[in-house]
Each structure stands twice: as structure tokens, then as C-alpha cells.
Amino acid sequence: MIRPATTEDIPQLVDIWLRASLLAHDFIPAGFWRERAEDMANLYLPGAETYVLEAAGRAVGFAALNDEHLEALFIDPELQSFGHGTHLMAHAMSKRERITLCVYSRNVRAVSFYHRLGFKILEERTEPLSGEKETLMVWSRTPSEAD
């Protein structure tokens, strides 16, 4: 079941975000992620339109949108590769005509995932906080807009 996030969900969502970030972004020091957990809990998640994927009565992942930008898509690392991310993205894509996102370029698994969903690369740039290269991608319900 996918539902809007509540304030009570935030600690569990931050836990999923932190564990998944550490796993997917092992090229960035772990302290970088731990230092941002408070901002995730107090600024980013409360300020976004966040959807929670629930299974067996607990949150297993979430997608956070700000307007047409996907700020975050994270699945509990223990439950990845079962289609949960695709399910959440289908939900997000049903809510928007166009979605942009940024993903670390070295996170090849994520870049490939978004390509499979129809996202196109717009540009590669440097993410200022980490200094890592990131890829800006776009999807549009009208294919010509994403080209």
C-alpha cells in the first residue's frame, strides 16, 4: 500500500534513507550521510510531498517530491530488488506530467534503474555538498519533452 507520509513515519524513513544511502553511496564517507540525518528529519521530509510504501504494517520505502522534482527514492536495503522502487516510481509518475531528479553518477545501479523507467539524461554536474558528479535526469508523460 502506498500512502502519504505522516510525522510519525519520519524516524523510520530517515533510518531507511541513512542505511540505503550508506550502501548505495559507499564512495562518499559515511560521516557525510550521518551529518545530514537531522536535516532530512526536520527539513527535507517535512517539506516534501512524501509517499510511503507499506508492507506488513511497516514502511519499506518512500518517495519524496517537491513540485516536479524527485528529491528522494529509497527502499529498505533488506527489501531491495523486489520491485518496490518501481512500484513507488509508478505512483509518483502517475501524480506528475514531468519529473526531474539528480542521482550520483557513480551510482550506476540507480542511473540504470531510472533509464529503464524512461528517464533521459539532461546533464552531468558537480553536486556542491559532496563534490561528487551527479546526473540530472528527466521523464515526461509526453516523450518529446524528455528528449
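Work through the residues other than D76 whose Cβ is under 14 Å from its Cβ and net out their charges, Lys, Arg +1 and Asp, Glu -1.
Spelling it out: positives minus negatives among the neighbours equals -2.
Would you calculate a helix-derived [θ] at 222 nm for the chain, using -39,500 (n - 2.57) for each DSSP H run of n ≥ 4 and dividing by the full residue count, to the nearest 500?
-8500 deg cm²/dmol
Restricting things to Cα coordinates, could you compute the convex hull volume per residue of region 62-126 in Å³?
94 Å³
How large is log10 I(q)/I(0) at q = 0.20 Å⁻¹ when the Debye formula is applied to the Cα atoms of region 17-62, each weighted equally and without solvent?
Relative scattering, expressed as log10 I(q)/I(0), comes to -0.78.
Could you give me the percent of Cα pairs per 10 Å distance bin for region 2-146, shortest bin first, beginning at zero and ending with the bin that holds the maximum distance?
With a bin width of 10 Å, the distribution comes to 11, 43, 38, 7, 0.
Which residue, chosen from H91, I75, A48, occupies the Cα position most advanced towards the positive end of the dipole of region 33-96, where the dipole is computed from +1 (Lys, Arg) and -1 (Asp, Glu) charges on Cβ about the Cα centre?
The residue sitting farthest along the positive end of the dipole is H91.
Out of all DSSP beta bridges with both ends in the chain, state the antiparallel percent to the nearest 5. Let's see the in-between values first.
Numbers: 29 of 31 bridges.
Antiparallel: roughly 95 percent of the beta bridges in the chain.
What is the gain in length, in nm to one decimal, between E123 and V108 on full extension, counting 0.36 nm per residue of separation less the C-alpha to C-alpha distance? Before the final figure, lay out the partial values.
On the way: separation 15, 0.36 × 15 = 5.40 nm, distance 1.52 nm.
Fully extending the segment from E123 to V108 adds 3.9 nm.
At 0.36 nm per residue, minus the direct Cα-Cα distance, what do E49 and H87 gain on full extension? Give it in nm, one decimal, please.
Working it through step by step, the gained length comes to 12.0 nm.
So, with +1 on the Cβ of K and R and -1 on the Cβ of D and E, and no other charges, what is the size of the charge dipole of region 2-146 about its Cα centre, to the nearest 20 debye? Don't skip to the end; give the middle numbers.
Details: 15 positive and 21 negative charges, 99 e Å.
With Lys and Arg at +1 and Asp and Glu at -1, about 480 debye.
Bear in mind these aren't lab numbers, they're just calculated from the coordinates by the rules spelled out. Since the model is a prediction, treat every value here as computed from it, not as a measurement. All Cβ positions, glycine included, derive from the backbone under ideal geometry; neighbour counts span all protein chains shown.
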